[in-house]
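Written below as structure tokens is the structure these notes are about.
The values are calculated or read from the model by the stated rules, or taken from the named source; none is laboratory data. Computed from a prediction, not measured in an experiment: that's the story for all the values here. Every residue, glycine as well, gets a Cβ built from its backbone with ideal geometry; the counts of neighbours run over all protein chains shown. Heads up: the accessible areas ignore ligands, DNA and RNA and are worked out on the full protein's heavy atoms, side chains in. Shrake-Rupley method; radii C 1.70, N 1.55, O 1.52, S 1.80 Å.
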Amino acid sequence: MLVIGILWGGTIPLSKIAVSSGHQPFGLIFWQLVIGIIVLGSVLLWRGWRPRITWELLIYFSIIAITGTLLPNGTSYLAQQHLPAGVMAIAIATVPMFTFAIALSVRLEKFDVKRMFGILIAFAAMVMIAAPESSLPDPGKAIFVLVALVAPFFYGIEANYIATHKPAGVEPVSTLFMASFLGMIVAFPLSISTGQWINPLQPWQAPEYALAVSSVIHAITYCAFIWLVGFGGPVFSVQTAYPVTLSGVFASILFLGEGYSGWIWASLVFVIIGLVLVQPKLEDLKMEEASV
């Protein structure tokens, strides 16, 4: 769990490096998906997987591609151009809060005072980053904190969509592979038409290597997380959120030399408290674990 969380969190400063030379979202997304397809495709080929295509599955994979990759990754890369990587690590920790809030709004979850308080705590954490003028290195970039929250919002939509619309017989690795393939088909013309294409034949520097490494790590850790759920159960695997956030913050300090104000450190504490409060009840997780 710790290895997965540390590696996953490490992709956050790598993404910050990837945007440092001016690479734009659609170009970055396209190559991230290509690399992910190669990694995931290798796993599926080794397992002897064969694609099964129906209209129902195409719609399902397409929605996963939009809500799980194209929209969240696009806004994340945009926000990373303007915000410290550590702030991005804190923002991404709000995924469970958005997931619960959306589930509550569509009546997939029942109202729970403790979990609702966790959402409010996480909201307070974001205010601590965006509101004080001394919080960010450039106070004029505070609007991009809202942009950074678009990604966890769509991840919350994705999680609830999967919970309610997952077709029978579909497992996560093949879902991610097919969604990545469809996303790649969309990202390619967008990167060309908007002038965001990244030429892979140009001399590689730190941003290109960072993109390649982060894409490989993301694909591997996603597969490893799926294995962790099956091996250790949801009760154990959901704890991955903590090392992801903490490693993202401290890796940004170590490798990017970032320094944070007291407001940022306070927001980190608040978002960790929010994570603790918003997690499902242990009894609910045990019931889910029994079904895995």
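Per-structure values
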| quantity | calculated |
| --- | --- |
| Pairwise FRET efficiency - SER20 versus TRP46, Cβ, R0 = 41 Å, nearest 0.05 | 0.70 |
| Accessible area of the stretch 122-166 belonging to carbon and sulfur atoms, whole % at 1.4 Å probe | 70 percent |
| Sequence-distant residues sharing a close amide H with SER135 (under 5 Å, placed H) | none |
| For the chain, accessible area per residue (1.4 Å probe, heavy atoms of protein chains only), Å² | 49 Å² |
| Inter-probe distance in nm under a simple model that places probes 7 Å from Cα toward Cβ, at VAL269 and PHE117 | 1.7 nm |
| Lysine pairs with alpha-carbon atoms under 19 Å apart, the chain, spacing 8 or more or separate chains | 5 |
| Structure-based [θ]222 nm, the chain - -39500 (n - 2.57) summed over DSSP H runs of at least 4, per residue, nearest 500 | -24000 deg cm²/dmol |
| Modelled FRET efficiency - R0 41 Å, ALA131 with PHE255, Cβ distances, 0.05 increments | 0.90 |
| Which labelled figure in [x] 22.9; [y] 19.6; [z] 20.7 is Kirkwood radius over Cα pairs in Å, once derived from the coordinates | [y] |
| Span-rule helices in the chain, defined as complete DSSP H runs reaching 18 Å or more along the axis (Cα) with Kyte mean at least 1.6 | 25-46, 113-130, 172-193, 241-256, 262-278 |
